[in-house]
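Working notes, beginning with the structure itself.
Every read-out reported here was derived from the displayed coordinates using simple, explicitly stated rules and does not represent laboratory data. Everything numeric in this text was worked out from a predicted model, so none of it was measured. No Cβ is skipped: glycine too gets one built from the backbone with ideal geometry, and neighbour counts run over all protein chains shown.
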């Protein structure tokens, strides 16, 4: 039997995840992002185990993060037969990613304010 280290969240990291969710980030994305912020490189299996996300949730989160150029991935051959492991790491520091989220939310809020102003034009 082999032994593995499993990472888990501190209270502060749980609060960080909660804040990301409250600003509109999906739970699986927020959870994977915070998990990766505290690791150099992680496999999809490590993300699953460390976050209690299912494999499809991890895949969707990684696809979203890669599409935004926040995460890079590579494949690592496994010693056994089967599919190669996907290895992920942040492409940018977490501070830049949070700044991107802030900019996006600011843009969304400004768009809603503009729509509200248009509503007043109809009154």
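Here is how the numbers come out for the structure above:
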{"quantity": "Cα long-axis angle, helix 11-22 against the chain (0 to 90 degrees, to the nearest 10)", "calculated": "40"}
{"quantity": "For a label point 7 Å along the Cα-to-beta-carbon line of residue 111, residues of the stretch 64-92 with backbone N under 14 Å", "calculated": "none"}
{"quantity": "Helix 27-37 vs. the chain, principal-axis angle (Cα, 0 to 90°, nearest 10)", "calculated": "60"}
{"quantity": "Options (1) 14.6; (2) 17.4; (3) 16.2 - which one matches Kirkwood radius over Cα pairs in Å as calculated here", "calculated": "(3)"}
{"quantity": "At R0 = 22 Å, FRET efficiency that the Cβ-Cβ distance of residue 75 and residue 54 yields, to 0.05", "calculated": "0.60"}
{"quantity": "Taking the stretch 11-92 and dividing mean pair separation by its residue count, relative contact order in percent (alpha carbons under 8 Å, at least six apart)", "calculated": "27"}
{"quantity": "Label-point separation in nm, residue 21 to residue 63, each point 7 Å along Cα→Cβ", "calculated": "2.2"}
{"quantity": "Principal-axis tilt of helix 94-121 within the chain, Cα atoms, nearest 10 degrees", "calculated": "30"}
{"quantity": "D (Stokes-Einstein, µm²/s), Kirkwood Cα radius, the stretch 70-123, 1.306 mPa s at 10 °C", "calculated": "107"}
